[in-house]
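Written below as structure tokens is the structure these notes are about.
Just so it is clear, none of the values below were taken in a lab; they were calculated from the coordinates. Predicted, not measured: the structure shown is a model, and the values here were computed from it. Every residue, glycine as well, gets a Cβ built from its backbone with ideal geometry; the counts of neighbours run over all protein chains shown.
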Amino acid sequence: MRGRHVDSYSMYKRVRLLSGVGKDIGNPSWKRSFPYILLAALSSFLFGYHLGVVNETLESMSHDLGFHGDTMAEGLVVSTCLGGAFVGSLFSGSIADGVGRRRAFQLCALPLIIGSSMSATAKNLWGMLLGRLFVGTGMGIGPPVAALYVAEVSPAYVRGTYGSCSQLATCLGLMGALFIGFPAKQIEGWWRMCFWASVAPAALLTVFMEFSVESPHWLFKRGRGADAEAEFEKLLGGPYVKGAMAELSKSQRGDEADTVKLSELFYGHHRKVVFMGSSLFALQQLSGINAVFYFSSTVFKSAGVPSESANICVGIANLLGSLFALVSMDKLGRKALLIASFSGMAVAMTIQATSASSLVSGSSVIYLSVGGMLLFVLTFAMGAGPVPGLLLSEMFPSRVRAKAMSICMAVHWVTSF
């Protein structure tokens, strides 16, 4: 399976053989593909923003919409979004394969714009839930498409770094939601502005994707070889195009004629990788990270810690972990980061559990509780956050990649729900 998967960089290194030149012409410039990665990262920014937007605004929103004190309703505001994300993720593979990666990004942004507008203008709980359902659908489509796009347009020697850009953008989205939400408790109706604010980046994603490159892998699978060459030239430069196309043709020979059936992913020879990917996403969610991102304000308030200060610390810890992943992903490798990340999260949870036990008392409870939570976020962002999506996009062969990723992300959202 890994032998059949060919990334962009492995193609480039063979160009000297195809051109008859005996010397290695080196790596393609990362500067060519980087602007397109930044644009794709907008979807991750929106993903993070909508994960965190209800954190600071939930209390004032519940007062205005008449469900203050109803913990079931408050939970539904969060979980309805996750339910919509599950639906979106189920269709993300078919959408990405059917209309291409660029159009899939645009289709991802559409429900985000509609849902944010509905949430901002909601008059009651049901209006808010409907808006969150639309937002969730867009959130479900975005991450698998972003992972596919990064894997297919970036050189391998920087793909880990580029993959970490998505996690960094998610982190910045979370922090942006926290900072924009701070005035919600002082300014009446400010929570509506928090939802309106997310419309602008979604609109930018829709517009600028029209001018972005399409995945050469997808174009080649659709029989559009000339268009794939043109996109490779934008991404790599002229000297690398011939070798890239030759390797792409070799790696996907016969694949374009076959239709991927779901039975292949559940019972065929891809089932083990699908199971591994689904398990990795399930364990990521079962670790407890959602309690931090969705309810950290409530948790810190119950511990007597000002939520504003605590949430800023959570955002900084997330940012630092994401930056570490950004610089070390291609140096240390995916597996090493995963092991270190989950081990650190286990230590952090032990500290959290200790703070809630009878073993400690007084101010030590607050220090251990807050310290454990910050360590948990830091170590999560170092590996468990960015690695799964990137790793799976590298492990799946091109023929099944989109649909296999959609299944794994569906498991992610079910577990999150």
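Between the Cα long axis of helix 225-236 and the first principal axis of the chain there is an angle of about 60°, rounded to the nearest 10.
Multiply the residue gap between M193 and K301 by 0.36 nm, knock off their C-alpha separation, and tell me the result in nm, one decimal place.
The span from M193 to K301 would gain 36.5 nm if fully extended.
When only Cα pairs below 8 angstrom with a gap of at least 6 residues are kept, the chain shows a relative contact order of 27 percent. Under the rule a/c < 1.5 gives rounded, and otherwise a/b versus b/c splits prolate from oblate, where does the chain land using the Cα gyration tensor? It comes out prolate by the Cα gyration axes. Largest GNM mean-square fluctuation across F182, F211, F34, computed for the chain with C-alpha springs under 10 Å, falls on F211. So how far apart, in nm, are the two label points at K31 and F266 if each is 7 Å from Cα heading toward Cβ? For the pair K31/F266, the computed spacing is 5.0 nm. Taking label positions 7 Å along the Cα-Cβ direction at both F179 and S94, the computed distance is 4.0 nm, reported to one decimal. Less than 15 Å Cβ to Cβ from T71, Lys/Arg counted +1 and Asp/Glu -1: what total charge do the surrounding residues give? Computed value for this residue: -2. In terms of its alpha-carbon gyration tensor, segment 322-412 comes out prolate; a/c meets the 1.5 threshold, and the first ratio a/b outweighs b/c. Could you state the angle between the C-alpha long axis of helix 71-99 and the longest principal axis of the C-alpha atoms of the chain, as a value from 0 to 90 degrees rounded to the nearest 10? The answer is roughly 10 degrees.
Note on S249/F208: beta-carbon distance plugged into 1/(1 + (r/R0)^6) with R0 of 30 Å gives a FRET efficiency of 0.50.
When you count the other C-beta atoms within 10 angstrom of each residue and take the mean per peptide, 46-55, 107-116 line up highest first as 46-55, 107-116.
With axes computed from alpha carbons, what is the tilt in degrees of helix 30-65 against the longest principal axis of the chain, rounded to the nearest 10 within 0 to 90? Computed tilt is about 20 degrees.
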